[in-house]
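There's a structure below that I have some questions on.
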Ligand SMILES: Cc1cc2nc3c(=O)[nH]c(=O)nc-3n(C[C@H](O)[C@H](O)[C@H](O)COP(=O)(O)OP(=O)(O)OC[C@H]3O[C@@H](n4cnc5c(N)ncnc54)[C@H](O)[C@@H]3O)c2cc1C
């Protein structure tokens with residue numbers, strides 16, 4: 001901007017008016033849209049036609065973050081598409097909101113392409129999102145639980161490369177433990193698959209830290225809960241409640257669920273918001289339980305005792321895993337305590353849903369009892385004979401896993417310079433999250449390094465319909481079921 005131009009802008013700011021509206025609405029008070037319209041225009045989100053008359057911004061004061069879901073939705077239908085007209089920067093800086101696997105790999109990919117980013121994440125204990133590991137000390141014993149992602153498979157070559165790197169860095173190893181399907185009454189059928197199962201050696205969370213370790217162009221801001229996105233003067237301005245969290249050339253939404261819906265509901269990105277609103281997520285209860293003595297679990301034929309099982313026909317339990325034998329086989333063979341992770345089914349999660357950040361004690365107690373009863377029934381133990389755990393913790397994953405997916409690697413709105421990555425775009429697994437983050441990182445690098453022109457060519461995933469996700473309640477593991485041909489669902493990834 002010229003000196004005269006910036007002086008004019010400053011004058012307008014002090015007069016509380018905004019250039020594009022000056023001729024029509026000289027007395028318009030500064031609203032979010034008006035202030036920010038200095039460089040951005042708003043367009044019709046359906047036609048993406050900037051030549052249509054620009055609508056007046058909503059004069060009502062933007063409502064607070066605590067807006068009800070219903071009013072947030074109503075608001076979204078009237079929000080206008082932001083349209084950045086400033087030339088793209090040669091040295092852009094991207095804000096990535098979400099430090100799970102997809103967000104971190106998006107940042108790492110941008111770094112590989114020479115682009116700076118800042119990852120914002122709410123995690124108090126660490127990065128990783130649903131790649132979560134919890135370590136606690138109880139009765140002077142260290143207890144370790146993977147309390148979301150349990151293990152993973154790799155099907156796509158790019159994810160396999162990353163996994164190979166983790167293996168060579170000593171972060172991941174092949175899980176040789178016996179897993180299978182466990183039916184009520186204790187009937188256990190091992191899964192005999194040649195597909196490799198991987199686990200994090202110290203749990204899943206260290207994988208997240210390893211991604212940004214050694215990066216130079218990735219900044220991490222944590223814990224931080226981004227609550228507002230505002231386009232202004234060719235940049236996106238982020239804030240956490242009223243606290244300014246910086247200005248960026250583009251944004252990435254690397255999380256989903258209620259938080260993402262609220263964030264997008266009044267940001268000027270109606271196409272992103274519409275896609276996000278189509279996503280349906282399951283809810284799953286997790287019960288972490290430590291037992292002094294090994295649980296009486298079934299053996300089957302030549303197989304060792306089960307370490308993990310998909311549970312059938314019991315509503316309160318869909319998965320159980322012995323973290324101690326999975327993560328600390330030596331300790332386990334010495335007959336020490338055992339740390340188990342139990343997950344409910346999605347239908348049980350739906351029937352017993354409460355606000356996950358404020359679980360009533362009575363609900364926590366009920367869920368714990370019902371899940372332990374379910375474990376007892378799955379193992380075929382007589383009523384009341386399951387040993388009493390000396391440590392328990394229940395947690396609700398309110399937005400656990402996607403039920404539907406658009407089946408695109410990522411979403412990108414070139415007009416609003418904003419993208420979305422996450423597991424749900426391709427399925428429900430760590431591999432899906434990884435591929436989505438890598439794809440969006442490359443796509444945005446192409447966009448910026450190509451000068452931000454030919455906008456239509458860079459629009460991705462804005463209109464796709466959704467289809468149901470297949471797999472288990474805790475995700476999709478391509479190739480795990482030996483009866484089926486191994487099909488890599490990620491062929492569509494660019
Ligand atoms: C119970 C359970 C079991 C699972 N088991 C398996 C399994 O065995 N194998 C497998 O492959 N997958 C499994 N998954 C799925 C796997 O964990 C996910 O697919 C993957 O980790 C998703 O990564 P992501 O980056 O898409 O999202 P997330 O990991 O959810 O990352 C999003 C991040 O964004 C943060 N965030 C949200 N809002 C904001 C905000 N406003 N500001 C800043 N940060 C914000 C969140 O705190 C979070 O850290 C499981 C998931 C669950 C819930």
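Out of all the residues in region 249-262, which are within 14 Å of the ligand (Cβ to nearest atom), more than 13 Å from the chain's Cα centre (by Cα) and surrounded by 24 or more Cβ atoms within 10 Å (Cβ to Cβ)?
251
Regarding region 321-338, can at least one residue be identified that is out of contact with any strand residue (DSSP E or B) (no Cβ under 7 Å at 6 or more places or on another chain) and at pLDDT 95 or above?
No, region 321-338 contains no residue that is out of contact with any strand residue (DSSP E or B) (no Cβ under 7 Å at 6 or more places or on another chain) and at pLDDT 95 or above.
Follow-up. Would you confirm whether or not region 227-237 contains a residue that is within 10 Å of the ligand (Cβ to nearest atom), at pLDDT 95 or above and buried (at least 23 other Cβ atoms within 10 Å of the Cβ)?
There is at least one residue in region 227-237 that is within 10 Å of the ligand (Cβ to nearest atom), at pLDDT 95 or above and buried (at least 23 other Cβ atoms within 10 Å of the Cβ).
OK, next. I'd like to know if region 368-379 contains one or more residues that are out of contact with any strand residue (DSSP E or B) (no Cβ under 6 Å at 6 or more places or on another chain) and part of a loop (DSSP other than H, G, I, E, B).
Yes, the conditions are met somewhere in region 368-379.
Somewhere in region 288-296, is a residue at pLDDT 95 or above, within 25 Å of the chain's Cα centre (by Cα) and within 22 Å of residue 469 (Cβ to Cβ)?
No, the conditions are met nowhere in region 288-296.
Every residue, every condition in (1) out of contact with any strand residue (DSSP E or B) (no Cβ under 7 Å at 6 or more places or on another chain); (2) crowded, with 19+ Cβ neighbours inside 10 Å; (3) free of Cβ contacts under 8 Å to residues at least 40 places away in the same chain, yes or no:
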residue: 265; (1), (2), (3): yes, yes, no
residue: 284; (1), (2), (3): no, yes, no
residue: 294; (1), (2), (3): no, no, no
residue: 300; (1), (2), (3): no, no, no
residue: 313; (1), (2), (3): no, no, no
residue: 318; (1), (2), (3): no, yes, no
residue: 340; (1), (2), (3): no, yes, no
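The values are calculated or read from the model by the stated rules, or taken from the named source; none is laboratory data. Owing to the predicted nature of the structure, the values given are computational and were not obtained by experimental measurement. Positions of Cβ are generated from backbone atoms using ideal geometry, with glycine treated the same way; all protein chains shown enter the neighbour counts.
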